[in-house]
Amino acid sequence: MHGWVGHNVYGAELERVLLDSAAIDRRVRELGDSISRDYAGRELLAVGILKGALIFLADLVRRLTVPVAIDFVAVGSYGAGTESSGAVRILKDLEQDIAGRHVLLVEDIVDTGLTLNYLLEIFRARAPASLRVCVLLDKPERRRVPVPIDYCGFVIPDEFVVGYGLDYNERYRHLADIVVLRREVYRGSSV
Ligand code: IMP
């Protein structure tokens, strides 16, 4: 297996590279191209869901050829560990008014769908001109509520992944690759 940034420090908890940085980079470019084409002539508001979407959003907006403003929202659904409690709430709301704007919600991963479903309901009520969803990763096996995904980077199997913004207990977000966390790390743990 090839190494990754942080390998020497964290290697024991990480199983294998699922998507390396070159593959991510290629896909982000393609997503940027599609979004730029679809929004041609319009101005976009990209809304990143903190903290996981931070790195994806940063790379994605640099591939856009349409004017884009950026805002962030923070939600609480996952605490520590890998299982969602099912309850979602806004911890930090948008700073900008989205009424009449073309809003693109940017998320790192859709798992149960509860987070995006909740945010879409709230944002729809604020009357944006349009509201679309862009996710880097989709884990469809775990879906509990359907979510309309307009732009998807990769469909992945039901494994817990870290890196490229995704964390396990706030660790590994800085990895350049997307890496599978060993099941033993979170299975049977109290978090
Ligand atoms: P959902 O509400 O279940 O769709 O969960 C979405 C959130 O769960 C994501 O924004 C992530 O923060 C977290 N999440 C789900 N699966 C993973 C994973 O494999 N690695 C890291 N975080 C994950």
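The values are calculated or read from the model by the stated rules, or taken from the named source; none is laboratory data. Keep in mind it's a predicted model, so treat the numbers as computed, not measured. Cβ: placed from backbone, ideal geometry, glycine included. Neighbour counts: every protein chain shown. Just the protein is used for accessible areas: all its heavy atoms, side chains included, with ligands, DNA and RNA removed. Shrake-Rupley method; radii C 1.70, N 1.55, O 1.52, S 1.80 Å.
Select from the stretch 12-32 the residues that are modelled with pLDDT under 95 and either charged (D, E, K, R) or over 14 Å from residue 176 (Cα atoms) (or both) and list them in ascending order.
Correct list: 12, 13, 15, 16.
Within the stretch 150-170, is even one residue under 18 Å from residue 73 (Cβ atoms), touching a Lys or Arg at 6+ places or on another chain (Cβ under 9 Å) and free of Cβ contacts under 8 Å to residues at least 60 places away in the same chain?
Yes, some residue in the stretch 150-170 is under 18 Å from residue 73 (Cβ atoms), touching a Lys or Arg at 6+ places or on another chain (Cβ under 9 Å) and free of Cβ contacts under 8 Å to residues at least 60 places away in the same chain.
Report every pair of residues separated by at least 6 positions or lying on different chains whose Cβ atoms are under 9 Å apart, first residue within the stretch 20-31 and crowded, with 16+ Cβ neighbours inside 10 Å, second aromatic (Phe, Trp, Tyr) and in a helix (DSSP H, G or I).
If the second residue must be aromatic (Phe, Trp, Tyr) and in a helix (DSSP H, G or I), the pairs left are 24/56; 28/56.
Given the options 55, 35, 70, 49, name the one that is under 21 Å from residue 152 (Cα atoms), within 10 Å of the ligand (Cβ to nearest atom), at pLDDT 95 or above and of a type outside the set (D, E, K, R).
On the way: 55 fails: within 10 Å of the ligand (Cβ to nearest atom); 35 fails: within 10 Å of the ligand (Cβ to nearest atom); 70 fails: within 10 Å of the ligand (Cβ to nearest atom).
Step by step, each of 55, 35, 70, 49 is checked, and only 49 is under 21 Å from residue 152 (Cα atoms), within 10 Å of the ligand (Cβ to nearest atom), at pLDDT 95 or above and of a type outside the set (D, E, K, R).
How many residues are of a type in the set (Ser, Thr, Tyr) and more than 13 Å from the chain's Cα centre (by Cα) when one looks only at the stretch 113-166?
Step one: filter the stretch 113-166 for residues of a type in the set (Ser, Thr, Tyr), giving 115, 118, 130, 151, 164.
From the residues that got through so far, the ones that are more than 13 Å from the chain's Cα centre (by Cα) too are 118, 130.
Qualifying residue count, the stretch 113-166: 2.
If we keep just the residues of the stretch 110-147 that are acidic (Asp, Glu) and open to solvent by 60 Å² or more (accessible area, probe 1.4 Å), which is farthest from the ligand (Cβ to nearest atom)? Give the steps one after another, and end with the answer.
If we filter the stretch 110-147 for residues that are acidic (Asp, Glu), which is where we start, we get 111, 121, 138, 141.
Filter once more, so that each one left must be open to solvent by 60 Å² or more (accessible area, probe 1.4 Å): 121, 141.
Details: 121: 13, 141: 11 Å.
Filtering the stretch 110-147 for residues that are acidic (Asp, Glu) and open to solvent by 60 Å² or more (accessible area, probe 1.4 Å), the one farthest from the ligand (Cβ to nearest atom) comes out as 121.
For the stretch 92-100, check the following and say yes or no: at least one residue is within 16 Å of the ligand (Cβ to nearest atom) and either in contact (Cβ under 8 Å) with a residue 12 or more places away in the chain or in contact with a Gly (Cβ under 6 Å, 6 or more places away or on another chain) (or both). Before you say what the answer is, go through the steps one by one.
Restricting attention to the stretch 92-100, the residues satisfying the condition of being within 16 Å of the ligand (Cβ to nearest atom) are 92.
Filter again for either in contact (Cβ under 8 Å) with a residue 12 or more places away in the chain or in contact with a Gly (Cβ under 6 Å, 6 or more places away or on another chain) (or both), leaving 92.
Taking every residue of the stretch 92-100 in turn, at least one turns out to be within 16 Å of the ligand (Cβ to nearest atom) and either in contact (Cβ under 8 Å) with a residue 12 or more places away in the chain or in contact with a Gly (Cβ under 6 Å, 6 or more places away or on another chain) (or both).
Consider the stretch 41-72. How many of its residues are open to solvent by 50 Å² or more (accessible area, probe 1.4 Å) and more than 16 Å from residue 94 (Cα to Cα)?
8
Looking at the stretch 148-191 only, could you name the residues that are of a type in the set (A, V, I, L, M) and exposed (fewer than 15 other Cβ atoms within 10 Å of the Cβ)?
At the first step, the residues of the stretch 148-191 found to be of a type in the set (A, V, I, L, M) are 149, 155-156, 161-162, 166, 175-176, 178-181, 185, 191.
Result: 155, 191.
Determine whether residue 75 is open to solvent by 20 Å² or more (accessible area, probe 1.4 Å), under 13 Å from the mean Cα position of the chain (by Cα), on the phi < 0 side of the Ramachandran plot and aliphatic (A, V, I, L, M). Full working, then the answer.
Values: open to solvent by 20 Å² or more (accessible area, probe 1.4 Å): yes; under 13 Å from the mean Cα position of the chain (by Cα): yes; on the phi < 0 side of the Ramachandran plot: yes; aliphatic (A, V, I, L, M): yes.
Taking the combined requirement at face value, the residue satisfies it.
Only one of these is at positive phi and either within 18 Å of the chain's Cα centre (by Cα) or part of a loop (DSSP other than H, G, I, E, B) (or both): 100, 52, 48. Name it. Working first, answer last.
On the way: 52 fails: at positive phi; 48 fails: at positive phi.
That would be 100, the only listed residue that is at positive phi and either within 18 Å of the chain's Cα centre (by Cα) or part of a loop (DSSP other than H, G, I, E, B) (or both).
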